[in-house]
Amino acid sequence: MVHARILIVEDEPQLRGLLRLYLERAGYAVTDAGDGTAALAAFAADGADLVVLDLMLPGMQGEAVLEALREAADVPILITSAKRSDAERIAGLRLGADDYLAKPFNPHELTARVAAILRRSRPAAAEGTEAMISLAAGRLVLDPSSRRYTLSGGEGGRLTPGESALLVALARRPGAVLAREQLLEAVARRPGEVYERVVDVHVANLRRKLGDDATDPWLIETIPSTGYRLVADRDPS
Ligand code: CA
């Protein structure tokens, strides 16, 4: 079995060593970096299956590292930060992070989150190959195993693990309204973690990426004070 490769970006040496220890014990191949420049160099040289990124770094800030990683690849990113407010968490997710862990955290919690993100970023390996999904009468085709999508105009790209999981959850229940807490489960949050704006952020990112319009959607419809549903394909009647 090939071990998933984790890149840890953390400037505090003790914490960096501790995270490395826990992740290696969990069976991952770990590389680490103490600042953003070293992190980007390590990623360019070797890549990674997931990046654990501290936001408060000397020199290049974590947010800039995140943007640079996002431009280079769609690698899943887990932010760790002492910034604790909801606004700061949401800002990190909006930049394209997949999850956010506030410091201080239990290293077991970190390994659990890493496993969850990797599970949903590689559903084909974990759950067997999922079929391609066609949405909005073929306007969007998504391959959940690679998270690649194609729009009917020919444009395409790749969704983040969270975006893909959310869209797959909506597609499994066509026409049904899914509440934010149901969709949270779909993006592999722990039950009990009330963090529903994560869903809104993923939906906003999906809309931006796929060119869906919140006020006149072709794909995802907002159900006020409840959640979301897929726009129903027109019935041939
Ligand atoms: Ca730091």
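Structural remarks
- If you go through segment 146-175 and keep only what is surrounded by fewer than 18 Cβ atoms within 10 Å (Cβ to Cβ) and either assigned to a strand (DSSP E or B) or touching an Asp or Glu at 6+ places or on another chain (Cβ under 6 Å) (or both), you end up with Arg148, Thr150, Leu151, Gly156, Gly157, Arg158.
- Scan of segment 17-53 for residues that are free of Cβ contacts under 8 Å to residues at least 60 places away in the same chain, within 16 Å of the ligand (Cβ to nearest atom) and open to solvent by 50 Å² or more (accessible area, probe 1.4 Å), ordered by number: Arg20, Asp32, Asp35, Thr37
- Output for segment 54-69, where each listed residue is among the hydrophobic types (A, V, I, L, M, F, W, C) and near the ligand (Cβ under 8 Å from one of its atoms): Leu55, Met56, Leu57
- Residue in segment 101-118 that is open to solvent by less than 30 Å² (accessible area, probe 1.4 Å) and aromatic (Phe, Trp, Tyr) present: no
- Residue match in segment 70-81 (condition: within 16 Å of the ligand (Cβ to nearest atom) and at pLDDT below 90): yes
- Complete set of residues in segment 60-78 that are surrounded by 18 or more Cβ atoms within 10 Å (Cβ to Cβ) and small (Gly, Ala, Ser): Gly62
The values are calculated or read from the model by the stated rules, or taken from the named source; none is laboratory data. Computed from a prediction, not measured in an experiment: that's the story for all the values here. Neighbour counts are summed over all protein chains in view; Cβ atoms, including those assigned to glycine, are modelled from backbone coordinates with ideal geometry. Only protein heavy atoms, including side chains, enter the accessible area calculation; ligands, DNA and RNA are left aside. Shrake-Rupley method; radii C 1.70, N 1.55, O 1.52, S 1.80 Å.
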